[in-house]
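The values are calculated or read from the model by the stated rules, or taken from the named source; none is laboratory data. Just so it is clear, the model here is predicted, and its values are computed rather than measured. For neighbour counting, all protein chains shown are included, and Cβ atoms are generated from backbone atoms with ideal geometry for every residue, glycine included.
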Amino acid sequence: MFCEKSLKLIKELDRSQEAMPPFDDDGVRQVFEEMRGLYDQNVAAANDTTADPDGTAISGIAIRHAALERNKRCLLAYAYNRILRVRNMRWQFGPILPHDIKANFNEPEVQWFNNYNICVARYFKSIGAHGLDLTADVKPPKSLYVEVRSLTDYGKLELDNGEVVLLKKHSTHLMSRAQCEPLITQGVLEQISN
Amino acid sequence: MDPSEVEFIAEKERVSIVPNFNNATVHLISGDVGPFRAGLPVNVPVWMALNLRQRQKCRILAPDWLDVDKLEALKEEEKASKYFTKMPSEHYMVVAQLILSAVEDDIPRIEEIRMAVKNLWDVRISKLRSSVDTFIKSGGSHARLDYLTTMEINSVRPLLPHALDFIDRLNKASEGAPRRDLSQD
Amino acid sequence: MEDTFGDDDFFSDGDGEPITAQKVLQTLEEAWLNEKFCPDLLPSQADYVECMMEQIQQMEENVNKLKKNDFRVEVHHMELARIRYTITSYLRSRLEKIEKNTAYILEQEALRGPENSYLSEGELIFARDFLALQENHCKQLVLQHVPPPFQDFMPTQQSLVPNLRSHVFLRAKKDVDGVVIEGDRDSRDEEVDLEENSQHIMQYKPIANFVKDGTIQLI
């Protein structure tokens, strides 16, 4: 059947659990080959001057032509949907991607990513007088305060409002999100609730 | 819309608080708040009330509708009415949730209030489900939805608009096709 | 203690009428929800965005002058975070549509002409860059490897077009009379009047102009 290989490309990309599966060079090349075969047959059929009384030849051309269009559409869909993933990674990870993520990009995709970075940066810069990074503030802000518990005897800490607290193991405090987040990452504090 | 966004919008509603400090009017971009006089109630946006309460700078006064008897009455009215009734707050569900979780100690009978809010919500949501069902079966493309609150609308999104879009697509697609009378098949 | 900033910041709109920062914010909040729920790209509110960003900056400077332990510091910070979210979320919604329907949006923009543009300058540049990026990518990866008659990049065929017949939820801010809902072959066109403050679900297309002129709010 025509177009089975190109459909398979899309289906497999869709099914893939990976953030970015490797580019299926082999699958894509097979579709190119199928297209070349179909096209050569059509050129030959069009150049054939023998009579076509029952329209068999012309129907064959029409079917092969439709298959060519469909293959092209599937290939573009495959390329486009991979790019969508690349795009989302820019928004998720920022302009510099972790190595393991980038490993499965092919060369044109790396180029696309770099150029997209430039477009996005130029656009962000154009907003307002000083620019605005739209990858920040992605979630509605919640209260600036969270309740935290100290996991270590950390000692004294000056809060944003000037107050000084003593972080002892198991002691609990109310702290601004901005201030406690790095300490949570370092394992000094844990968040108890919102 | 993500529930956190519905919450974000609802947090603009104003509620009464009793501050324990004095301060002149605060000029926010979204409008003036205050002045604050210790012990005297003042209206502030929900997000601000929750913040001040966390910092132990105020007590939140539950809105008067956040009361078992009033909520019961609203529920009965809702049951009796064919249409949706007007809620005391455009965001009654979110405001109730936010306030009740912030004021555990300040309000008596809090579990009963929670239950009453949930019962009211359930009555409205089941009414909404059956109206959606009737509406879809009627083949209509337009419906009036007065007094539905943001969170209730959000509960049928994206399913309801998507279903209607899909029906519309099928209708459009069949317009070109010849009509077939099934009785003659 | 008197709070001496923030209350009388005025900004002038196109007609020279002064409007308050509060009004600017309200306009942006409405534009944010409209953009979020609208299948099509709406006219840009870039002027309001710019004005509000100036307000934010000014407020930040003022707040920095307050003492660290002043209770207002946090209240102002929270409000600024809320406004920043509204603005970025609004602009993200627009950018997502521009990326999804690039060719269609550029085509519509060209038909409207520069006096009636819906895109901000920055968005227009982005849209053009983005389309060029897509074209280049399609060529490199696919088109240059297929037989010659199939090598054309046809932007309007290859990009998605928004469905203007999508159903949306809305509230009429004023009375709107005579909205015509197109029927299909089983039903005739139907004319409805939308009363002030009434809420509805219906197709976007017949009410598109009312969303644009502000008589209808998407919800």
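Can you name the number of the only condition in (1) over 30 Å from A:Ile83 (Cα atoms); (2) modelled with pLDDT under 95; (3) under 24 Å from the mean Cα position of the chain (by Cα); (4) buried (at least 20 other Cβ atoms within 10 Å of the Cβ) that C:Thr102 fails?
(1)
What residue, of B:Arg53, B:Arg37, is buried (at least 18 other Cβ atoms within 10 Å of the Cβ), at negative phi and of a type in the set (D, E, K, R)?
Result of the check over B:Arg53, B:Arg37: B:Arg53.
In this structure, is B:Lys57 touching a helix residue (DSSP H, G or I) at 6+ places or on another chain (Cβ under 9 Å) and not assigned by the TED database to the domain that holds B:Thr149?
Spelling it out, B:Lys57 is indeed touching a helix residue (DSSP H, G or I) at 6+ places or on another chain (Cβ under 9 Å) and not assigned by the TED database to the domain that holds B:Thr149.
When you look at C:His137, is it within 11 Å of another protein chain (Cβ to nearest Cβ), modelled with pLDDT of 90 or more and more than 24 Å from the chain's Cα centre (by Cα), yes or no?
Yes; evaluated as a whole, the condition is true for this residue.
Take segment C:62-80 and flag every residue that is surrounded by 16 or more Cβ atoms within 10 Å (Cβ to Cβ) and either among the hydrophobic types (A, V, I, L, M, F, W, C) or at the interface with chain A (Cβ under 9 Å from one of its Cβ atoms) (or both).
If the condition is that a residue be surrounded by 16 or more Cβ atoms within 10 Å (Cβ to Cβ) and either among the hydrophobic types (A, V, I, L, M, F, W, C) or at the interface with chain A (Cβ under 9 Å from one of its Cβ atoms) (or both), then C:Val63, C:Asp70, C:Phe71, C:Val73, C:Glu74, C:Val75, C:His77, C:Met78, C:Leu80 are the ones that fit.
Within segment C:138-170, count every residue that is part of a loop (DSSP other than H, G, I, E, B), over 21 Å from B:Ile167 (Cβ atoms) and of a type in the set (Val, Ile, Thr).
2
Considering only residues of segment B:96-144 that are in contact with a strand residue (DSSP E or B) (Cβ under 7 Å, 6 or more places away or on another chain) and part of a helix (DSSP H, G or I), which is surrounded by the most Cβ atoms within 10 Å (Cβ to Cβ)?
Among those that are in contact with a strand residue (DSSP E or B) (Cβ under 7 Å, 6 or more places away or on another chain) and part of a helix (DSSP H, G or I), it is B:Ile99.
Keeping to segment A:139-160, report how many residues are without any contact (Cβ under 8 Å) to a residue 12 or more places away in the chain and touching a Lys or Arg at 6+ places or on another chain (Cβ under 8 Å).
The total comes to 2.
In segment A:150-170, what count of residues is obtained for those that are exposed (fewer than 15 other Cβ atoms within 10 Å of the Cβ) and either within 37 Å of the chain's Cα centre (by Cα) or of a type in the set (Gly, Ala, Ser) (or both)?
2
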